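*Asks:* Let me begin by handing over the structure; questions about it come next.
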Amino acid sequence: MINFYLDRKYKKPSYTIGHLYFLTNESKMVYFCDTLEDAVRPYGVKIYGETAIPEGEYKFIISYSPKMKINAPLLLDVPAFNGVMIHPGNSSLDTMGCILVGENKVKGRLVNSRDTFIRLMNLLRTYKQNEYIIKIK
């Protein structure tokens with residue numbers, strides 16, 4: 001069983017930088033990568049394509065994205081959001097409410113996103129679960 005934890009570290013007016021961790025079978029929390037999301041807004045305030053999903057715990061599955069033409073983690077039952085995925089991207093313009101993975105070596109952006117996404121998918125394939133959980137705080 002593998003679960004993930006997203007710690008939102010830097011909440012800026014137009015983006016949010018976080019750290020993604022996973023919990024191993026031995027209950028060890030391991031840092032995996034940095035994340036980039038849209039801005040965190042007060043609960044109930046949503047600007048289409050510019051708002052991060054609410055804090056909480058979400059199940060996710062691996063699903064095919066026709067838009068991106070890749071298999072990617074799809075978060076389930078996110079209040080007031082549809083189609084929230086974890087995928088590669090470099091700036092808040094790439095998020096549309098989704099969670100991007102990579103390395104935050106440039107202020108407000110990610111680099112090495114595709115390589116990080118491939119590592120994430122390989123990690124998920126290693127555990128071969130039908131469903132995963134991510135806790136976002």
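*Asks:* Sequence neighbours fewer than 8 away in the same chain don't count; with that in mind, list the lysines whose C-alpha is under 22 Å from Lys67.
*Replies:* Straight-distance partners of Lys67: Lys59.
*Asks:* Provide the net charge surrounding Ser113, with neighbours chosen by a C-beta distance below 14 Å and charges set as Lys +1, Arg +1, Asp -1, Glu -1.
*Replies:* Details: positive: Lys105, Arg109, Arg114, Arg119; negative: Asp34, Glu37, Asp94, Glu103, Asp115.
It works out to a net charge of -1.
*Asks:* Report, in listed order, any pair from Lys69/Lys107; Lys12/Lys69; Lys12/Lys46; Lys69/Lys137 with a Cα-Cα distance greater than 24 Å.
*Replies:* Lys69/Lys107; Lys12/Lys69; Lys69/Lys137
*Asks:* Can you bin the chain into rounded, prolate or oblate? Criterion: square roots of the alpha carbon gyration tensor eigenvalues sorted a ≥ b ≥ c, rounded for a/c under 1.5, prolate for a/b above b/c, oblate for the rest.
*Replies:* Rounded is the answer for the chain, as its axis ratio a/c remains below 1.5.
*Asks:* Here's something else I'd like to know. With a 1.4 Å probe and all protein chains left in place, how much accessible area per residue does the chain have, in Å²?
*Replies:* Result: 56 Å² of accessible area for each residue.
*Asks:* Between Arg125 and Ile70, what length comes free when the chain is fully extended (0.36 nm per residue of separation minus the Cα-Cα distance, one decimal in nm)? List each step's numbers first, then the result.
*Replies:* Details: separation 55, 0.36 × 55 = 19.80 nm, distance 1.44 nm.
Stretched fully, the Arg125-Ile70 segment lengthens by 18.4 nm.
*Asks:* How far apart, in nanometres, would the label points at Glu26 and Asp77 be if each is projected 7 angstrom from Cα along the Cα-to-Cβ direction?
*Replies:* Once both label points are built, they end up 3.3 nm from each other.
*Asks:* Pairing the Cα long axis of helix 113-127 with the longest principal axis of the chain, what angle in degrees results, from 0 to 90 and rounded to the nearest 10?
*Replies:* The helix 113-127 is inclined about 40 degrees to the chain.
*Asks:* Among residues other than Cys98 whose Cβ falls under 10 Å from its Cβ, what is the net charge (Lys/Arg +1, Asp/Glu -1)?
*Replies:* So the environment of Cys98 carries a net charge of -3.
*Asks:* Could you please state how large a percent of the accessible area of segment 1-79 is carbon and sulfur, counting protein chains only and using a 1.4 Å probe?
*Replies:* 55
*Asks:* In a Gaussian network model over the chain where Cα atoms closer than 10 Å are linked, find which of Tyr64, Tyr43, Tyr127 has the largest mean-square fluctuation.
*Replies:* Fluctuation is largest for Tyr43.
*Asks:* Still on this structure, I have one more. For segment 15-70, build the charge dipole from Cβ charges (+1 Lys, Arg; -1 Asp, Glu) around the Cα centre, then report which of Thr35, Tyr64, Ile53 sits farthest towards its positive end.
*Replies:* Going by the Cα projections, it comes out as Tyr64.
The values are calculated or read from the model by the stated rules, or taken from the named source; none is laboratory data. Quick caveat: nothing in here was measured; it's all calculated off a predicted structure. Counting neighbours? That spans all protein chains shown, and the Cβs are built from the backbone with ideal geometry, glycine included. Accessible surface is based on the protein model in full, side chains and every heavy atom, while ligands, DNA and RNA are left aside. Shrake-Rupley method; radii C 1.70, N 1.55, O 1.52, S 1.80 Å.
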